[in-house]
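For reference, the structure is listed below as structure tokens.
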């Protein structure tokens with residue numbers, strides 16, 4: 001069988017809620033039919049043409065990143081008396097050291113961790129709460145509420161920007177907690193807004209996932225006198241592990257990559273997470289692209305790690321959201 | 001990772017009647033408290049930080065307020081903000097035009113390119129897994145990082161493109177061309193995004209459909225446009241919605257380039273410039289409402305699609 005078939009079944013095993021037996025068997029059989037059978041493959045000449053086209057396109061796709069990497073390896077002084085395109089001269093990682101020290105990169109990274117980790121954890125916990133209620137405990141308002149949750153995540157962030165800024169500014173916090181006396185410039189508000197904004201999407205995905213779990217699971221437990229909490233914590237949540245893993249990967253990247261919320265709500269440079277900090281980096285190194293490229297690439301390190309290690313989970317998370325629609 | 005495999009379509013018709021008939025109504029008081037908290041806390045957060053601000057934008061769009069002092073200082077000025085937006089602001093119509101160009105570019109060039117790549121990659125040629133990963137890499141980057149990376153490509157005197165062409169064009173600085181340069185940067189990410197979504201959808205299309213078409217003598221182009229594409233209607237709608245929403249949300253790249261000025265004005269950057277520290281609260285809200293009204297079109301069409309089967 002082709003690798004396609006085994007991969008497809010693999011992802012079924014990975015992400016499909018453990019459904020009842022016959023359903024699972026039917027799906028497996030379907031996936032086993034190779035989609036690229038000789039009939040549907042097209043002519044050999046056509047295939048070679050397509051392959052060449054794809055290889056050229058993929059090569060073009062790598063150029064921006066390769067150029068950034070190349071720029072980051074070249075010392076800026078060298079170009080004072082050389083063209084920017086001369087390939088001679090030194091190559092080293094000094095720009096990375098300099099960018100790390102001159103920009104506030106360590107601080108930015110720390111801020112990103114302070115914001116991203118609790119925000120992802122809270123989003124997943126709260127979304128799984130809401131999804132459990134919306135998908136497994138019937139209530140007249142389940143569907144309207146889920147629609148409102150989903151709609152919230154689809155709004156452009158800027159629609160919420162002005163009132164959010166004023167809410168943050170006019171909600172007092174004791175000076176011992178916040179030096180601004182309000183939620184402005186605090187991690188709390190950035191975390192809270194990220195959680196609120198991602199909650200809709202995660203609730204939507206989780207509730208679809210939980211809906212697909214057989215109703216007998218919790219019914220049997222209920223007959224045995226298991227509390228709602230037990231049904232959630234002991235039965236439903238463990239079965240949602242694949243969806244949680246995919247969503248966690250996705251949300252780490254989404255929240256880590258968020259540029260706008262911190263830009264809006266944090267006015268102190270040293271409280272910014274790295275993605276919003278890129279804006280500062282961009283200004284600070286406007287005349288030294290070698291440092292800028294080194295700093296930009298360092299900001300991508302966590303993303304690149306996820307790309308290399310958890311790409312499959314990330315893609316699964318993306319398609320989980322899209323396929324229901 | 002396919003549409004049919006992930007959506008529990010086969011089970012749904014069996015399950016729903018069951019859920020209704022066997023609904024167990026006996027919840028203890030403790031269960032009721034637990035369940036109320038489980039739904040109440042997320043709903044409260046969503047309400048305070050998403051729905052309320054969205055409605056707040058609508059209310060404040062009729063106000064004049066600089067955000068200082070108590071809410072009593074808010075002056076209610078009717079539709080003056082809207083009149084100023086439509087009639088006076090020199091940036092507004094250019095911003096609308098740029099957003100429309102952004103949308104058209106994504107809709108007619110970038111999204112079809114992503115679909116095209118997906119269709120080609122779906123043929124399982126040697127190396128397609130690796131190429132798929134390459135196209136996917138920019139999808140994981142933030143748009144801010146994409147903006148910085150493309151700045152290095154488009155820079156007038158240090159950029160790759162001018163170096164290769166031997167020109168000195170200021171791609172991001174010239175207001176006649178910088179929108180297009182920004183769109184190329186945005187497409188670098190958008191094409192991969194559409195590609196991966198569409199590829200997942202393609203793998204979910206029943207292969208026997210294609211085989212039947214092939215047996216009937218259809219060319220691969222005919223098979224795609226007459227058989228596969230119509231069968232992917234749900235995914236096609238998602239792609240359209242994502243494209244429209246991405247076009248309305250466009251912000252990060254142009255903000256990195258020049259904060260949304262000089263040929264790169266967009267509705268989103270105008271809102272930011274007027275809110276926040278500038279504190280033209282009412283004016284920024286009026287702009288936000290205009291963006292909200294436009295955004296509701298794709299949002300409502302998506303929700304109708306997504307919740308079609310869920311009426312219970």
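Laboratory data are not the source of any read-out in this text; all were calculated from the coordinates shown. Note that the structure is predicted; figures quoted are calculated from it, not measured. Cβ coordinates were reconstructed from backbone atoms using ideal geometry, including for glycine residues, and neighbour counts include every protein chain displayed.
Things worth noting here:
- From its DSSP helices (H runs of at least four residues, each -39,500 (n - 2.57)), chain A gives a residue-normalised ellipticity at 222 nm of -23000 deg cm²/dmol.
- Fully extending the segment from residue B:262 to residue B:165, taken as 0.36 nm per residue of separation minus the present Cα-Cα distance, adds 32.5 nm.
- Of B:113, B:231, B:214, the one that fluctuates the most in a GNM where chain B has Cα springs shorter than 10 Å: B:214
- Descending semi-axes in Å of the protein assembly as shown, equivalent ellipsoid built from Cα gyration tensor: 39, 35, 23
- Calculated diffusion of region A:273-325, Stokes-Einstein form, Kirkwood radius summed over Cα pairs, 20 °C and 1.002 mPa s, µm²/s: 165
- Region B:92-255 shape via C-alpha gyration tensor axes, a/c threshold 1.5: prolate
- Choice from B:27, B:120, B:165 showing the highest fluctuation, given a GNM over chain B with Cα pairs closer than 10 Å: B:27
- Ranking of B:75, A:219, B:46 by count of other Cβ atoms within 10 Å, fewest first: B:75, A:219, B:46
- Volume of the convex hull of region A:166-254 (Cα atoms only), normalised per residue: 139 Å³.
- Legend: mean number of C-beta atoms from other chains within 10 angstrom of residue C-beta atoms, peptide A:205-212, equals 3.
- Relative to its residue count, chain B spans a Cα convex hull of 205 Å³ per residue.
- In terms of surrounding Cβ atoms within a 10 Å radius of their Cβ, B:190, B:98 rank from fewest to most as B:98, B:190.
- Rg to Rh quotient for region A:47-87, alpha carbon positions, Kirkwood Rh: 1.26
- Cα shape, chain A, gyration tensor, a/c 1.5 rule: oblate
- Residue exposure sequence - A:149, B:224 - by fewest surrounding Cβ within 10 Å: B:224, A:149
- The shape of region B:195-312 can be summarised by an equivalent ellipsoid whose semi-axes, obtained from the alpha carbon gyration tensor, come to 41, 18, 10 Å from longest to shortest.
- Listed residues A:302, A:172, A:64, most fluctuating in chain A (Gaussian network, C-alpha, under 10 Å): A:64
- The alpha carbon convex hull volume per residue for region A:191-325 rounds to 131 Å³.
- Between residue A:268 and residue A:77, the C-beta separation translates, for a Förster distance of 41 Å, into a calculated FRET efficiency of about 0.80.
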